[in-house]
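The values are calculated or read from the model by the stated rules, or taken from the named source; none is laboratory data. Just so we're clear, the structure is a prediction, and the values are computed from it rather than from any experiment. Here the Cβ is made from the backbone with ideal geometry for all residues, glycine too, and neighbour counts use every protein chain on show.
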Amino acid sequence: MVNVDEWHLARVSRARRAFVLDSEGRAWTSMSPNMWEQRERWQGLLARYGVVSYWVVCVTPPGGHGTPDMTTAVWPGGVTCMDIPSLRAMVDSVCVPDMFAAIPPGLVSLLDSHIKY
């Protein structure tokens with residue numbers, strides 16, 4: 001998938017060298033501003049607690065066709081995209097093995113108060 005503009009992605013088949021149409025005959029899909037909005041909502045709070053955040057869209061396999069190549073896709077607000085192996089490699093590169101995340105207790109309490117059980 002590739003960006004057509006800031007709000008749309010086009011589905012492209014590398015094997016067929018053609019656009020791939022959805023059930024409504026469109027070769028593009030609209031992107032939600034959700035990741036951008038969540039980053040704007042939470043990034044300042046996390047920074048106040050000393051938490052470094054990196055915002056990405058992680059693509060999971062949609063079914064029998066495998067995971068689409070979205071390595072060049074960018075969501076509104078400049079949020080990048082990666083697949084599961086890339087996300088795991090990024091997390092592994094910044095985390096210490098066998099250690100718990102050093103999340104401040106005050107932040108844990110705050111987040112816990114917002115979870116709907």
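Residues in the stretch 13-28 include none that are in contact (Cβ under 8 Å) with a residue 24 or more places away in the chain, surrounded by 13 or more Cβ atoms within 10 Å (Cβ to Cβ) and within 16 Å of Gly78 (Cβ to Cβ). Return the total of residues in the stretch 37-62 being over 14 Å from Ala73 (Cα atoms) and either aromatic (Phe, Trp, Tyr) or touching a Cys at 6+ places or on another chain (Cβ under 9 Å) (or both). Of the residues in the stretch 37-62, 3 are over 14 Å from Ala73 (Cα atoms) and either aromatic (Phe, Trp, Tyr) or touching a Cys at 6+ places or on another chain (Cβ under 9 Å) (or both). Can you name every residue in the stretch 77-109 that is part of a loop (DSSP other than H, G, I, E, B), over 19 Å from the mean Cα position of the chain (by Cα) and under 18 Å from Gln43 (Cβ atoms)? Correct list: Ala101, Ile103, Pro104. Reported count of residues in the stretch 32-59, each being at pLDDT 85 or above, aliphatic (A, V, I, L, M) and within 16 Å of Thr71 (Cα to Cα), is 2.
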